[in-house]
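The values are calculated or read from the model by the stated rules, or taken from the named source; none is laboratory data. As the structure is a computational prediction, the values presented were derived from the model and not from experiment. All Cβ positions, glycine included, derive from the backbone under ideal geometry; neighbour counts span all protein chains shown. These accessible areas exclude ligands, DNA and RNA; they are computed on the full protein's heavy atoms, side chains included. Shrake-Rupley method; radii C 1.70, N 1.55, O 1.52, S 1.80 Å.
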Amino acid sequence: MTLYLIRHGLAAAGLDDLDPGLAPLGHEQAAITARSLGGATPSRLVVSPLRRTRETADPIAEAFGLEPEIRQEVAEVFDPSVPPEERKAIIGPFMDGHWSNQNETLQAWRSRVVATLIAMGEDGGDVIVVSHYIAICAGIGEAIRNDRVVPVKLGNCSITKLDVVNGKLTLGTAGSTAHLPEEQVTGIARALPGGP
């Protein structure tokens, strides 16, 4: 069983919008990504509750005839209601850090993401998960046994493939943007919405 982890497309706004939708380019990225998954055979489509992930999932749901399952377990690491200035202050050092140095709340969040991904991978059938930078990085880090919060950089609408083997995540591909035209690759160095 393969997990296809898709980071949401380019958001229309940055930190000042608590739940932005996609920018026009983000909608284009999502449509291209849905077409590029044509060889996949997913039995489920799991989506973060935030608007940018739901909009990214729309063309995927249509392409595969799947009803999106909204799951909080694959949402952003920081609650969107945290004030923008506070998020700006904490996100940089957090992304440069290691999970083992984070507080219990953040470590529990990571464990929940990893456990959810493993459980989905053991359910049978491929699963597409439309999520966020840090949640996808948590899965990658677990698969490659890397404690960094950001073990690899992920562009908008990048595709990461993970498999579950004997109850553990294994990495197939991390953050591929090969399906996107070069001028449409955005967000590689940014976990936060908005901006290339």
Taking only C-alpha positions in the chain, Rg and Dmax in angstrom work out to 15.2, 42
Between residue 85 and residue 35, the two model label points (7 Å from Cα along the beta-carbon direction) sit apart by a distance in nm of 4.5 nm
Per-residue accessible area, 1.4 Å probe, largest first, puts 98, 132 in the order 98, 132
Between residue 179 and residue 96, the two model label points (7 Å from Cα along the beta-carbon direction) sit apart by a distance in nm of 3.4 nm
Carbon plus sulfur, as percent of the 1.4 Å-probe accessible area of segment 1-159, comes to 50 percent
Scoring segment 8-87 by relative contact order with C-alpha pairs under 8 Å, at least six apart, yields a percentage of 31 percent
With Cα springs under 10 Å, the Gaussian network model of the chain assigns the largest mean-square fluctuation among 61, 108, 75 to 108
CD proxy, 222 nm, the chain: helix-only mean residue ellipticity via -39,500 (n - 2.57) per DSSP H run with n ≥ 4, per residue, nearest 500, stands at -11500 deg cm²/dmol
Computed over the chain, protein heavy atoms only, probe 1.4 angstrom, the accessible area per residue in square angstrom equals 43 Å²
Highest mean packing first, using Cβ neighbours within 10 angstrom, the peptides 135-143, 157-165, 82-90 sort as 135-143, 157-165, 82-90
The relative contact order of the chain, taking Cα pairs under 8 Å that sit 6 or more residues apart, comes to a percentage of 33 percent
Rg/Rh over Cα atoms for segment 36-114, Kirkwood Rh, comes to 1.06
Segment 83-159: relative contact order from alpha carbon pairs under 8 Å, six or more residues apart, as a whole percent, is 36 percent
So residue 144 and residue 70, fully extended at 0.36 nm per residue minus their Cα-Cα distance, gain in nm 24.0 nm
